[in-house]
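The next block holds one structure in the form of structure tokens; read it before the comments.
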Amino acid sequence: MLAAAVLAGVLLIVVLATGWAGSGNGGVTTVDGNASAVVYAAGHRPLAPGFTATTLTGSKLSFSSYRGKVVVLNFWGSWCVPCREEASTLAAVAAKYRPPGVSFLGVDVRDTTASALAFMHSFHVTYPSVSDQSSAITLDFTAKVPIAGTPTTLVIDRTGHIAGAVFGTVTYSDLTAILAKVG
Amino acid sequence: MTDVRAPETDPFDPAAERDDQPRPGSSSPGGTFGLADWLKWAWRQLTSMRIALILLFLLALASVPGSMLPQQGSNPASVQQYYVSHPALAPWLNRLGLFNVFAAPWFAAIYLLLFASLVGCVVPRTFRLAGSARTLPPRAPRHLARLPRSAEYTIALPPGDAVEVAARVLSGRGFRLRRPDDADLAQDWVSAEKGYLREAGNLLFHLALLGVLVSVALGGLFGYKADRLLVQGQSFADTVSALDEFHPGRFVTAADLGPFTMTLNRFDASYISSGQQRGQPSAFDARVTYTEQPGGPARTFDLDVNRPLSVDGAKVYLIGHGYAPEFTVTDARGHVVYNQPTPFVAGTSGNFLSEGVVKVPDAQPEQLGFTGVFVPTAVNVGGTLESVFPAADNPVVSLIAYAGNLGMDSGVPQSVYQLDTGAMHRLTTSPQVLQRGQSLKLPDGRGTITFTGYVPWVSLAITHDPGQLPALICGIAALGGLLLSFMIRRRRVFVRARVGPSTGIGTTVQVGGLARTDASGGFEAEFAELAARLRSAHEQAASAQPSQSAQPPPPAQPGRPAQQQAAQHRHEGE
């Protein structure tokens, strides 16, 4: 009985100690309450890495040409089920935010041109995507924000800093909420 | 199980283990049970064998939900599915950490307590062993003839000289000596003990055991394991989203992965082409190009099964390979909707007869799916295709085509190696066999699929285990310590000399010996040899002696008190 009480006490202390170790995050507010959609406060925004890549239609694209605009950067793949789920949401948000000057750019991860173009055709995606077959662009961005899988959507502010992120499937309300805070 | 304050007790004597009932210690006069006593008692509880076993059992029990519920780390898709099918229960399970059991605080609590319990058991035991390795031999018993081994003879030397000669012989044999101290100077005896390395071995074993625990913890906390399938000609970057599987340690985040990129330039597998071992692999060679960081210099390396690549602190192992047939699919509109090598996985039937699926989710008007078999060296045996050799000498594929809903547009992520045909219908009645370059025309103008060729793929395991080398070193040390403690006997020899047999005539020398642990035997012979050696040394000394008068003999170092000599011998004995 005594042993159980002492053991429970020690257990509680250890649990609290290990629990504390995981908390603590500065400058990040969640949009949806479960930390998969976040906004980084000004001053806590990591600088997005630059890249030059080939689009799925074969032209060169330099990410620095987007400087001065708010950019929604979506990491996707035609093989990825949640990407297919969120595709029409992204297309709808892109259509709504194009007039105020928000640009959309896709990063097509671990995919082939034929499948990716067929995907864009199926979901009426009109904004461009660059090919990231080797995940090299993803690697550069992972050094700034914890991208743990596909899809991931980043919102880049006018100064080229990462201002918000959705880890996982995008919902209309999450993305528009982030854009409202960054826009 | 542990008691630091009792260095005199034999560490291997079960009677030395204290009971673990609470009782007033010396720090609490008046019998009250204070905080210090509580803490002491709790510590004794924690480090007892009973609690260690309970914790071990709890650890096993706590792992059970990890295998019964889907886990975020290894199978996030199933976790999402669980959320969908149990919307009320899932958030509660998540709050209890049951979807990430091995990283849950309560799981950490159990293994940290177990670790503390083991450390608390091993460390005091280590101190006790260290103390026992430094102790002097006991005083010589009065009746040496009662010891398991004994000998007695008479010589013409004064008792003091006889003991001195015996001490010299024993010391020369590497025994640690003890001589009478001030209180019993009147007696002439020497105690000798040998085999302290046994205790040193034991000590080494315990310390190494602790080292193994720490190493395993290091590996578990700071290491990671990952897998990636890489098709020839393709590249990948070591980042979580580009890995097929990622199992990080407790303190590992995605940012801890080394930022290397790797391209599989070429993979060759050679097979024995004749004889009994026909079809057995003779050599593998995966030529890769890698850069340690983005923008760094590109290097090449030949990966082999037992030749991993070390990069960014991780090791990349070649753990498997297979064939990826290349397909091109056009849909009803004539659009190319699929054009890529598709990894097929070898089944159990041998000779790399491999299975795989092709999913074409963006074909119009309906999604297309194919289940296929790749046969590297095909032979038609009575209407069924068999592979007779693992190399791709006559590659063919056999396909069954489906159309309908692949289930990829909603719901849970699915395996790339499985086709859910629940919402699809078969387009071909029998499997269609294609040679390289041949096409299958799908019915109703749905398009075509062409088997354009094949490339090999390799599967890579990327591991980082900072505890691996320390664990190996500690394991070897533990084995060495165990061998030392098994093979070395601890044995004691006593020599007593007294005037006699009758007053004034000669000296009776008694030699007694016992081995404290004589599992391997052999002490009997050693004692007989030693007794003979002592006797001959005594006889030599006696014949060198001019007379039998009781003159003080020339000691080894004249004028030094016996105790000081004993101290010196003790030093030599160590």
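Nothing in this text is a laboratory measurement; each read-out follows from the coordinates by a stated rule. On a predicted model such as this, the values are computed, not experimentally measured, just so you know. Cβ sites come from the backbone with ideal geometry, for glycine too, and all protein chains shown count toward neighbours.
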Open item on the list: Working only with C-alpha atoms, what are the Rg and Dmax values of the protein assembly as shown, expressed in angstrom?
Closed with: 38.8, 128
Task: Compactness relative to 2.2 N^0.38 Å, alpha carbon Rg of segment B:375-506 - done: 2.65
Open item on the list: Give the list, by residue number, of cysteines in the protein assembly as shown with no other Cys Cβ closer than 4.7 Å, or say none.
Closed with: B:Cys121, B:Cys474
Task: Fewest-first ranking of B:Arg333, B:Arg176, B:Arg533, using other Cβ atoms within 10 Å as the exposure measure - done: B:Arg333, B:Arg533, B:Arg176
TODO: Taking H placed 1.01 Å from N in the peptide plane, check which residues at least 5 places from A:Val31 or on another chain put their amide H under 5 Å from its amide H.
DONE: A:Ala37, A:Val38, A:Val39
TODO: Any lysines with Cα under 28 Å of the B:Lys315 Cα? List them, leaving off those in the same chain fewer than 8 positions away.
DONE: A:Lys144, B:Lys225
Task: Volume per residue of the C-alpha convex hull in segment B:326-380, rounded to whole Å³ - done: 93 Å³
Open item on the list: At a 10 Å Cβ-Cβ cut-off, how would you order A:Trp76, B:Trp41, B:Trp189, B:Trp92, fewest neighbours first?
Closed with: B:Trp92, B:Trp41, B:Trp189, A:Trp76
Open item on the list: Please state the shape class of segment A:124-183: rounded when a/c is under 1.5, otherwise prolate if a/b exceeds b/c and oblate if not, all from the C-alpha gyration tensor.
Closed with: prolate
- [ ] Kindly state, to the nearest 0.05, the FRET efficiency for A:Ala148 paired with B:Gln414, given R0 = 22 Å and r defined as their beta-carbon distance.
- [x] 0.70
TODO: Over 15 Å, how big is the tail of the calculated P(r) for segment B:429-508, in percent of all Cα pairs?
DONE: 82 percent
Open item on the list: On C-alpha positions alone, give me the angle between the axis of helix B:76-85 and the longest principal axis of chain B, in degrees, nearest 10.
Closed with: 70 degrees
- [ ] Quick one: order A:Thr54, B:Thr450, B:Thr126 by neighbouring beta-carbon count within 10 Å, fewest to most.
- [x] A:Thr54, B:Thr450, B:Thr126
TODO: Please state, as a whole number in µm²/s, the translational diffusion coefficient that the Stokes-Einstein equation yields for segment B:245-348 at 20 °C and 1.002 mPa s, with Rh defined as the Kirkwood radius across alpha carbon pairs.
DONE: 125 µm²/s
TODO: For segment B:278-320, just the Cα atoms, rotate onto the principal axes and tell me the three extents in Å, largest first.
DONE: 45, 17, 12
- [ ] Take the Cα coordinates of segment B:85-124, assign each an equal point scatterer, and use the Debye formula without solvent to give log10 I(q)/I(0) at q = 0.23 Å⁻¹.
- [x] -0.72
Task: Rule-of-thumb Rg ratio for segment B:148-218 [Cα; 2.2 N^0.38 Å; N residues] - done: 1.80
- [ ] Please express the Cα-Cα pair-distance distribution P(r) of chain B as a list of whole percents, one per 10 Å bin, running from 0 to the bin with the greatest distance.
- [x] 3, 12, 15, 15, 13, 11, 10, 9, 7, 4, 2, 1, 0
Open item on the list: Give me the one-decimal Kirkwood hydrodynamic radius in Å for segment A:79-183, with the sum taken over alpha-carbon pairs.
Closed with: 14.3 Å
Open item on the list: How large is log10 of I(q)/I(0) for segment B:107-229 at q = 0.09, 0.13, 0.15, 0.23 Å⁻¹ when the intensity is taken from the Debye formula with one equal scatterer per alpha-carbon?
Closed with: -0.50, -0.73, -0.84, -1.34
- [ ] Determine by what factor the alpha-carbon radius of gyration of segment B:56-167 differs from 2.2 N^0.38 Å, reporting the quotient.
- [x] 2.43
- [ ] Specify, per residue and in Å³, the volume enclosed by the convex hull of the alpha carbon atoms belonging to segment B:108-157.
- [x] 124 Å³
- [ ] Could you tell me how many degrees, from 0 to 90 and to the nearest 10, lie between the Cα long axis of helix B:197-222 and the main elongation axis, the longest principal axis, of the Cα atoms of chain B?
- [x] 20 degrees
Open item on the list: Using only Cα atoms and rounding to the nearest 10 degrees, what angle (0 to 90) does helix B:105-134 make with the longest principal axis of chain B?
Closed with: 30 degrees
